[in-house]
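Just below is one structure, and these are the notes that go with it.
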Amino acid sequence: MAYNIDYETLKNELDLEKDEVDMLVEIFLNTAEDELSNLEDAIEKLNFDQIAKSAHAIKGSSANLRLMHISETAKSIELAAKEKRKIDYKKNYQTLKESIEKIKIT
């Protein structure tokens, strides 16, 4: 199942055409792929600073596209890392990764 992006809302709120929204989604997906790789590596090393940095990047870019489920998951990872709390980062990472992988450009 694809993660549905509300193109009409994005077009209206950002004053863009559909092809411009498609381009933003594509950029998000490429950037998120890199950040997910960084996040996975940081989690393996329990590098709280890098975990927070990568989660922050995903949080912001997903919020810009109104992908609030992804943004909220990334936010919880970021806040835990900033507080150096030992949560189940791998499980949260997997949730984040699966949510991003469900996004399809339509």
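The values are calculated or read from the model by the stated rules, or taken from the named source; none is laboratory data. No experiment lies behind these values; they were computed from the predicted model shown. Here the Cβ is made from the backbone with ideal geometry for all residues, glycine too, and neighbour counts use every protein chain on show.
Of the candidates LYS59, LYS82, LYS75, the single residue that is of a type in the set (Lys, Arg) and more than 11 Å from the chain's Cα centre (by Cα) is LYS82.
Only one of the numbered conditions (1) touching a residue at least 12 places away in the same chain (Cβ under 8 Å); (2) closer than 30 Å to THR9 by Cβ; (3) not polar (S, T, N, Q) is not met by PHE48, and that is (2).
Mind checking whether some residue in region 36-43 is loosely packed, with under 14 Cβ neighbours inside 10 Å and out of contact with any Ser or Thr (no Cβ under 6 Å at 6 or more places or on another chain)? There is at least one residue in region 36-43 that is loosely packed, with under 14 Cβ neighbours inside 10 Å and out of contact with any Ser or Thr (no Cβ under 6 Å at 6 or more places or on another chain). Can you say whether ARG85 is exposed (fewer than 15 other Cβ atoms within 10 Å of the Cβ) and touching a residue at least 24 places away in the same chain (Cβ under 8 Å), as far as the supplied structure shows? In short, no.
Beta carbons closer than 7 Å, at least 6 apart along the sequence or on distinct chains, pair a first residue in region 54-82 that is surrounded by 15 or more Cβ atoms within 10 Å (Cβ to Cβ) with a second that is outside any helix (DSSP H, G or I) for LEU65/ILE5; ALA80/ILE87. Looking across region 88-103, the residues that are without any contact (Cβ under 8 Å) to a residue 24 or more places away in the chain and surrounded by fewer than 18 Cβ atoms within 10 Å (Cβ to Cβ) come down to ASP88, LYS91, GLN94, THR95, GLU98, GLU101. So, in region 1-23, of the ones that are in contact with a Ser or Thr (Cβ under 9 Å, 6 or more places away or on another chain) and not small (Gly, Ala, Ser), which residue ends up surrounded by the fewest Cβ atoms within 10 Å (Cβ to Cβ)? My answer is ASN4. Of all residue pairs spaced 6 or more apart or on separate chains, those with beta-carbon atoms under 8 Å, a first member in region 18-33 that is within 13 Å of ILE5 (Cα to Cα) and a second member that is at pLDDT 90 or above and polar (S, T, N, Q) are LEU24/ASN64; PHE28/SER61; PHE28/SER62; PHE28/ASN64.
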